[in-house]
Amino acid sequence: MTETKKNPLAALIDVTKAWLTRGKTPYIFIAIYVALATVLVYLSPRSVPAFLMLLSSALFLYYLPTSFKFKIAVGLILALVVMPVIGVRNIFYLEVIFQISVFAALALGLNIVVGFAGLLNLGYVAFYAVGAYLWAFFGSQQIYLLNEIPGTAPTGTPFFLPASSFYLFLFLGMGVAALVGFLLGLPVLRVRGDYLAIVTLGFGEVIRVLANNLDKPLNLTNGPQGITPIQRPPLPAGLLVTLRSIMTPVVGRSVTDNEFYNLFFYILALLIIVMVIVVVNRLDDSKIGRAWMAVREDELAAAAMGVPVVKTKLLAFIIGASFAGVMGVLFAASRTFVSPESFNFMQSIGVLTMVILGGLGSIPGVIVGAAVVVVLNLQVLQGLSLWLSALRQSDAVIPIINFAWKNLSNQLDPAKYQRLLFGVILILMMIYRQTGLIPAERRKRAAEIIEIENDIKNNGNGHPADASPAGEV
Amino acid sequence: MRRIHNSPLIQGILTPLGQIAIFILGSGAVLSAFMLLMAVIFSNSPANLMCLDKNGISLMEYTLRNLPQVLTDGVTLGFVYAAIALGYTMVYGVLEFINFAHSEIFALGAFVGVETLIVLQNSGKLAAASTLGAYGWMVLAILAGMAAAGATAVLVERVAYRPLRGAPRLVPFISAIGVSFFLQDAIRLVESLTTGQFHRIIPSFANFDQRIPIMRSSLGGVPFSLDLEVKSLWVVAAAVLMLVGLNYLVNTTKIGKAIRSVAQSRDSASLMGINVNLIISLTFLIGGSLGGAAGVLYALKFTRIDPYVGFFPGLKAFTAAVMGGIGNITGAMLGGMVLGMLETFAGAYLSVYTMGAFGAEYKDILAFAILILMLIFRPAGLLGEQVAQKA
């Protein structure tokens, strides 16, 4: 390490790192950081940097060497106390954290398929759609409207199932999505990687086209208009009263039922995330996890070693699909509305972008990826849009080229350019950092080995001893 | 005898012309026979009564009267698909890589062609031109679309694919998805900045929209007719020219030989003194410009384009390429024809035969169903040879 020259910035980072990881400092640092961020967001509920600071505290919590109990405790406080309060104070943040949790859960599910088993699934939202339409169909009045033309529901149609059956449907959605994954996977998992990607893409489009057109001969999906209203599970009235009495003084006003529902779905999504993380962690080092890795790295070699290739892939496909199914049920209930447009190809690519950005196979990476993409989408792009439209209202002029902002086309709305964002992220990540922002341990090791090999090649003498310093990085 | 057989004229021009004719006639005949058979089978079903009720004619008559139009439309669409599919198949042949962004190269070609025509229209040149002059402008628009699309394809390869050569298969593929999304919104950005709208409608000029009556006849006392739009003729003529030209280039010229050798083995080709990177760039140029031309033809045929217009034709053309055996130029033409025909048949007849339960919207599903079935049961395609999979 000593022989390489360092620039002052790197030295500073090293010193900070050494200081931050010593003794009790990380505990104190985290406590101060979280407290500061919380106060900042609490005092200025519209500030984006303060909110980002709060989000980033989760990263510090993850990386700094503190005891497991401390991490869990601070994490719980952040997720269950700080976030809800802030979310209710500014409903926009609640949407952001809800979307982050939903997409993080989806991305974690896709991560099993793409990151662990190496199967590129471009139709992942199809399974999400299966779950969503399952609850949308049974949790609404749709079953009584099978012979009606879309949009002509007679008033007073009863709901088919009681709202509390939502909880049952969380599991049913999981099962049905898994079944669909099994039925699709059984034939198509025999085809090679890039073909599989196109086939799953096709499947995603098929599901969307079906959702769009199955309003005849029987009106199953209500066509392009989508199904609404969809029931939400009942919240226990006693708990609501207690919670409201606690939260009202903190928030400064009475909390509405809708906000409680948003909180409820946010916490439900968190629960599902925790479940995914536990499952993935347990699987990663199990026989199945090793089989996934073997199949991902070299299918032929894995088969030769006795790994049942199709079965292994199928399992990854099914587990990934089932998580998407649960999230679909949750999505349908939380929005009380589903339409085919929520499940287009761009959604699949959005989830894929999160996984790739964060790091294939890396759990913290994927969560960070989901957070970054959602924040970019909801806060940065929309912030830019608002800023531009404010400029458009004003009389400001760009000085040198003498261009009045008023003349700017109102089609230039950054919020509409998500595809551009996804595209740039995907290209840049593939070219410069294929392992993602936070690489998975295994991939990091593999990348280092490749680096050492390249070093050996470039030095031309082939002595591994010469290359070893590079491996220490 | 042998010398005649190997002559460039036969190998490069007559053979592909013959193949195209066989593919059209073959797929048309098979599908027509199938439809007539269906009409006979369904003649006593409720579908027949419903057709009588709605259109005043029996199912058989409905089928027969629409058949000529469906066939000509199918051929037109088939040529568009074939031209796009060639781009996929050429790149796949050389790099074993699915160029996911090809559908956006197609859309870009369409936009440049249409914009060229819009500029010409605004300057009054289109209105002033004679029919022949207007055809000249159309050729210019197609060439502009080809040039822009070809150049973009080469640039994309240089920036987003070449640094990833040798990486695991999915890496350049994901990069290609990124390029595809980037290009969609880049087109949208440019188009909406200039006019505030991001869709374009091709100017209507000269006699492109005119219908030439080909046949007037009557069947069972009811007259029926077959018209051919001038623009459909244009699509077919331009596509035939391109397909034959490509076949000539690949099968008989020295450049074609270099392309084929790079497709067989990049390393050996390089040892033989072939500049592999140049050939790969050239492949993207050819594939991209064919896609661009197809884009302009698509705009001519369907009039309205938007930045996302490439998605479905691109996927269907990919299906066509897989159907014919990806990497196989003849196969791409066959796949394009068959898919174009199938889709047009489904669009025309599905609704009537299912009594309106399944409309023409399901023709998109048809392409995917075919793709999935092909990949499962015959991944090498109709014409492809079974090759060992490389990891």
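Numbers below:
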{"quantity": "Coarse-grained scattering of the stretch B:150-258 at q = 0.11, 0.15 Å⁻¹, given as base-10 log I(q)/I(0) from a Debye sum over alpha-carbon atoms", "calculated": "-0.75, -1.02"}
{"quantity": "Using distinct alpha-carbon pairs, which all enter the 1/r mean, Kirkwood radius of the stretch A:300-365 in Å", "calculated": "14.5"}
{"quantity": "Surface/4 of the Cα convex hull for the stretch A:174-271, nm²", "calculated": "10.3"}
{"quantity": "D (Stokes-Einstein, µm²/s), Kirkwood Cα radius, the stretch B:2-377, 0.890 mPa s at 25 °C", "calculated": "112"}
{"quantity": "Average silhouette area of the stretch A:98-367, convex hull of alpha-carbon atoms, in square nanometres", "calculated": "15.6"}
{"quantity": "At 0.692 mPa s and 37 °C, Stokes diffusion of the stretch B:37-176 via Kirkwood alpha-carbon radius, µm² per second", "calculated": "171"}
{"quantity": "Normalised alpha carbon radius of gyration of chain A [divisor 2.2 N^0.38 Å]", "calculated": "1.08"}
{"quantity": "Mean ellipticity per residue at 222 nm, deg cm²/dmol - from DSSP H runs of n ≥ 4 across the protein assembly as shown, formula -39500 (n - 2.57)", "calculated": "-23000 deg cm²/dmol"}
{"quantity": "B:Leu140 paired with A:Phe160, simple spin-label distance in nm, labels 7 Å along Cα-to-beta-carbon", "calculated": "6.1"}
{"quantity": "About the Cα centre, charge dipole magnitude for chain B (Lys/Arg +1, Asp/Glu -1 at Cβ), debye", "calculated": "940"}
{"quantity": "Volume per residue that the Cα convex hull of the stretch A:1-89 spans, once the total is divided by residue count, Å³", "calculated": "102"}
{"quantity": "The stretch B:239-391, relative contact order [Cα under 8 Å, separation at least 6], %", "calculated": "18"}
{"quantity": "The stretch B:295-314 residues near the modelled B:Gln197 label - backbone nitrogen below 17 Å, point 7 Å along Cα→Cβ", "calculated": "B:299-300, B:302-309"}
{"quantity": "Derived scalar couplings ³J(HN,Hα) [the stretch A:115-122; Karplus, 6.51 cos²θ - 1.76 cosθ + 1.60; whole Hz; x for Gly, Pro]", "calculated": "x, 7, 8, x, 9, 6, 9, 8"}
{"quantity": "Selected from B:Gly288, B:Gly356, B:Gly325 as most flexible by GNM, with chain B as the system and alpha-carbon contacts under 10 Å", "calculated": "B:Gly356"}
{"quantity": "Estimated FRET transfer efficiency (A:Ile267, A:Phe60; beta-carbon r; R0 22 Å; 0.05)", "calculated": "0.45"}
{"quantity": "Exercise: per-residue mean of other protein chain Cβ atoms within 10 Å, B:367-377", "calculated": "5"}
{"quantity": "Calculated P(r) of the stretch A:113-161 - Cα pairs past 17 Å, %", "calculated": "54"}
{"quantity": "Which listed pairs, of B:Lys257/B:Lys301; A:Lys313/B:Lys316; A:Lys216/B:Lys363; A:Lys69/A:Lys287; B:Lys54/B:Lys231, have C-alpha distances above 25 Å, in listed order", "calculated": "B:Lys257/B:Lys301; A:Lys313/B:Lys316; A:Lys69/A:Lys287; B:Lys54/B:Lys231"}
{"quantity": "Under 15 Å from A:Lys457, Cα to Cα: aspartates and glutamates that are on another chain or at least 8 residues apart", "calculated": "A:Glu448, A:Asp466"}
{"quantity": "Top positive-direction residue, dipole computed over the protein assembly as shown with Cβ charges, set B:Asn66, B:Ile118, A:Val373", "calculated": "A:Val373"}
{"quantity": "Å³ per residue enclosed by the Cα convex hull of the stretch A:9-51", "calculated": "66"}
{"quantity": "Approximate shape of the stretch A:260-305 as ellipsoid semi-axes (Cα gyration tensor, √5λ), whole Å, largest first", "calculated": "36, 10, 5"}
{"quantity": "Whole-Hz couplings from phi, Karplus 6.51/-1.76/1.60, listed for the stretch A:289-306; x for Gly and Pro", "calculated": "x, 5, 5, 4, 5, 4, 5, 5, 6, 7, 4, 5, 5, 4, 4, 5, 7, x"}
{"quantity": "Residue order, fewest to most surrounding Cβ atoms within 10 angstrom, among B:His102, B:His199", "calculated": "B:His199, B:His102"}
{"quantity": "For the protein assembly as shown, with +1 on Lys and Arg beta carbons and -1 on Asp and Glu, the positive-most of A:Leu420, B:Ile255, A:Asn281 along the dipole", "calculated": "A:Asn281"}
{"quantity": "Most mobile of B:Arg260, B:Arg169, B:Arg200 in a GNM of chain B (Cα contacts under 10 Å)", "calculated": "B:Arg169"}
{"quantity": "³J(HN,Hα), Karplus 6.51/-1.76/1.60, whole Hz, each residue of the stretch A:412-425, x for Gly, Pro", "calculated": "7, 10, x, 4, 8, 9, 5, 4, 4, 4, 4, x, 4, 4"}
{"quantity": "Tail beyond 19 Å, pair distance distribution of the stretch A:97-202 (Cα, percent)", "calculated": "56"}
{"quantity": "Radius 13 Å from Cβ of B:Ile202, net charge of other residues (Lys, Arg +1; Asp, Glu -1)", "calculated": "+1"}
{"quantity": "Long-range tail of P(r) for the protein assembly as shown (Cα pairs > 40 Å, %)", "calculated": "46"}
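Just so you know, all these numbers are worked out from the coordinates, no wet-lab data involved. None of the values given here were measured: they were computed from a predicted structure. Backbone-built Cβ (ideal geometry, glycine too); neighbour counts: all protein chains shown.
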